[in-house]
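The values are calculated or read from the model by the stated rules, or taken from the named source; none is laboratory data. Since the structure is predicted, the reported quantities are computational estimates derived from the model, not experimental observations. FYI the Cβ positions are ideal-geometry reconstructions off the backbone, even for glycines, and counts take in every protein chain you see. The protein model used for the area step is the full one, side chains on, heavy atoms only, and it has no ligands, DNA or RNA in it. Shrake-Rupley method; radii C 1.70, N 1.55, O 1.52, S 1.80 Å.
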Amino acid sequence: MTKMRLLSLCCPALISLMVATSAVALPVFGGNPPIGLLPHILPIDPHFRWSLRGADFGSGSLDETGGNITAFTGTIDSFSVSLLGGNGQAISPSGAFIYDNILYPTDVSTLDVDGVLVTWNGGEANLWGNGAPDNYSFYTFVNGSYTTSNAGIDTFSIKAPEPGTWAMAIALLGFFGLGFMARSFQRKDRKTA
């Protein structure tokens with residue numbers, strides 16, 4: 001009787017595991033989509049780790065919703081950075097940069113030519129893509145002047161947790177749960193015998 005009960009519990013768990021792992025392959029646009037469409041197919045987790053290498057060095061995390069960057073924190077060249085401004089093309093508070101704070105995680109260049117605007121060392125900084133892989137520019141504007149102007153010599157990359165990793169973690173938890181239930185059923189059988 002307990003084997004039948006365990007089997008009835010295992011089947012739905014295995015079916016949901018198969019469905020979850022088959023749904024992790026997401027379609028991807030090649031290049032920038034036409035205006036009016038979402039900038040990309042939404043990832044399962046909108047939280048990314050970012051890194052900047054080249055003439056400038058930095059790392060941190062960013063969050064996005066529907067392509068709009070909603071949080072950007074970390075350090076660049078030993079100074080803390082955080083998101084400044086909203087989404088959509090605008091001029092920075094100092095008037096030094098045009099930015100849009102939009103992310104294209106599946107595109108060749110994850111940031112467009114307007115890029116992301118952040119606070120940096122008491123001023124502003126703008127990091128943008130130049131339309132080619134590993135070709136990003138980073139400029140800073142502090143106390144009324146451009147203090148850093150590195151054009152096209154940085155590499156910016158983002159990484160998100162792999163959907164398969166989440167599916168495996170959920171599956172592992174499910175198998176632990178099944179093992180725990182099977183063990184509790186065995187204990188109940190011993191008590192009744």
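Overview of results
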{"quantity": "Residue in region 125-148 that is nearest to the chain's Cα centre (by Cα), counting only those that are open to solvent by 20 Å² or more (accessible area, probe 1.4 Å) and closer than 12 Å to Y99 by Cβ", "calculated": "W128"}
{"quantity": "Counted residues, region 46-62 - those being closer than 14 Å to V118 by Cα and without any contact (Cβ under 8 Å) to a residue 40 or more places away in the chain", "calculated": "4"}
{"quantity": "Output for region 113-146, where each listed residue is of a type in the set (D, E, K, R) and within 21 Å of S59 (Cβ to Cβ)", "calculated": "E124, D134"}
{"quantity": "Matching residues in region 61-79 - criterion: being at positive phi and either at pLDDT below 95 or in contact with a strand residue (DSSP E or B) (Cβ under 7 Å, 6 or more places away or on another chain) (or both)", "calculated": "G66, G67, G74, D77"}
{"quantity": "In region 149-161, residue nearest to Y99 (Cα to Cα) [restricted to those that are surrounded by fewer than 21 Cβ atoms within 10 Å (Cβ to Cβ) and touching a residue at least 40 places away in the same chain (Cβ under 8 Å)]", "calculated": "N150"}
{"quantity": "Residues satisfying the stated conditions in region 92-124, i.e. assigned to a strand (DSSP E or B) and over 17 Å from the mean Cα position of the chain (by Cα)", "calculated": "I98, Y99, L117, V118, T119, W120, G123, E124"}
